[in-house]
1. Spin-label point model (7 Å from Cα, Cβ direction): what's the residue 30 to residue 127 distance in nm?
2. Report the label-to-label distance for residue 117 and residue 221 in nanometres (one decimal), using points 7 Å from each Cα along the Cα→Cβ vector.
3. So, counting K/R as plus one and D/E as minus one, what does the shell of residues with Cβ under 13 Å around residue 108 add up to?
4. Residue 126: accessible area at probe 1.4 Å, nearest 10 Å²?
5. Tell me the per residue accessible area of the stretch 73-290 using a 1.4 Å probe; a whole number in Å² is fine.
6. Please identify the trypsin sites (Lys or Arg not before Pro) of the stretch 48-114 that satisfy two criteria: DSSP loop assignment and at most 13 other Cβ atoms within 10 Å. Which are they?
7. Please enumerate, by chain and number, the lysines with C-alpha under 27 Å from the C-alpha of residue 50, excluding those fewer than 8 residues away in the same chain.
8. Restrict the search to the stretch 117-179; then list the trypsin sites (Lys or Arg not before Pro) that DSSP places in a loop and that have at most 12 other Cβ atoms within 10 Å of their Cβ.
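The values are calculated or read from the model by the stated rules, or taken from the named source; none is laboratory data. Treat the numbers as computed from the prediction; the structure is a model and nothing was measured. Note: ideal-geometry Cβ built from the backbone for every residue, glycine included; neighbour counts use all protein chains shown. Note: accessible area is taken over every heavy atom of the protein model, side chains too, but ligands, DNA and RNA are not part of it. Shrake-Rupley method; radii C 1.70, N 1.55, O 1.52, S 1.80 Å.
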Amino acid sequence: MTDAAHAAAPDAIAEEKRRWWISLLLHVVLAVASLIMLYPLLWMLSGSIKDQSEIFGQASLIPHKLDFSAYMRGWFSTQVSFGTYFWNSLVIAVLTVVGNLFSCSLAAYAFARLEFKGRNLWFALMLGTLMLPYHVTLIPQYILFLKLGWVKTILPLVVPKFLAVDAFFIFLMVQFFRGIPRELDEAAMMDGCSPWRIYWRIMLPLSLPVLATAAIFSFIWSWDDFFGPLIYLSDINTYTVQLGLRSFVDSSGSSDWSGLFAMSSLSLVPIFLIFLFCQRLLIDGIATAGLKR
């Protein structure tokens with residue numbers, strides 16, 4: 001037994017070394033891939049503190065001279081300061097989050113818990129809207145909002161969110177609600193709770209992970225949205241951050257690239273903070289939405 005153990009020891013050491021080298025190789029490959037993916041972002045951050053003539057003159061990330069004037073110049077580069085653009089984007093994003101959480105959770109609760117005629121058919125039709133490109137419904141929606149007098153306001157970007165128009169969030173919440181034991185509903189009904197009270201007192205408190213996931217995605221998609229504000233907003237006082245960044249691009253070729261990079265860097269701060277502090281909630285919400293407990 002002792003001789004066998006001594007004979008197996010070199011093989012175990014060799015196997016451990018082989019695993020160590022494989023792990024090191026994988027980490028090196030992942031580090032190189034990460035640097036390749038992060039290089040455009042790092043180049044943008046570097047360009048925001050470079051002189052205008054130095055941005056396209058070299059590929060190095062290290063500037064010869066630090067110049068932070070682009071942040072001040074970019075902030076006040078248009079008729080309205082970028083603070084207004086940030087505020088407009090924040091208002092639209094917050095209202096979008098509130099609308100999606102309220103309306104989509106209600107629709108998901110109905111599909112997951114309530115019995116009504118044609119439920120499966122309506123659920124299938126709802127899922128079918130996921131395959132419709134946004135451009136298919138753009139013209140009918142624009143005509144509708146134009147007749148309502150909502151064009152040139154933020155209403156077309158906010159009001160539909162209170163009507164459960166995002167089928168992805170409904171599907172995500174339905175999957176999560178189906179994993180909550182029905183015995184909780186039955187016990188609550190025996191105590192005299194109505195469906196609305198079951199939704200408010202039982203389903204929502206137990207669904208914080210998926211609600212947090214929907215809130216994070218809603219905020220990010222609304223904050224990064226460019227096409228919607230471009231279609232419906234024409235007053236510079238209602239511009240979002242994305243439209244404000246577009247104003248830096250000049251067709252004559254005299255664009256303020258350092259100012260554009262500086263404001264683009266600032267526009268990433270809210271998204272970065274969300275991923276930094278809410279990453280665990282995001283992962284938990286997506287992971288648990290597909291599981292049935």
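1. Placing both labels 7 Å beyond Cα along the Cβ direction yields 3.4 nm.
2. Roughly 3.2 nm, to one decimal.
3. Values: positive: 113, 119, 178; negative: 166.
Combined, the nearby Lys, Arg, Asp and Glu give +2.
4. Taking all protein chains as shown, residue 126 has close to 20 Å².
5. On the way: 11760 Å² over 218 residues.
Value returned for the stretch 73-290: 54 Å² of accessible area per residue.
6. Numbers: sites: 50, 65, 73, 113; in loops: 50, 65.
Sparse-neighbourhood loop trypsin sites (Lys or Arg not before Pro): 65.
7. Straight-line reach from residue 50, under 27 Å: 65.
8. 117
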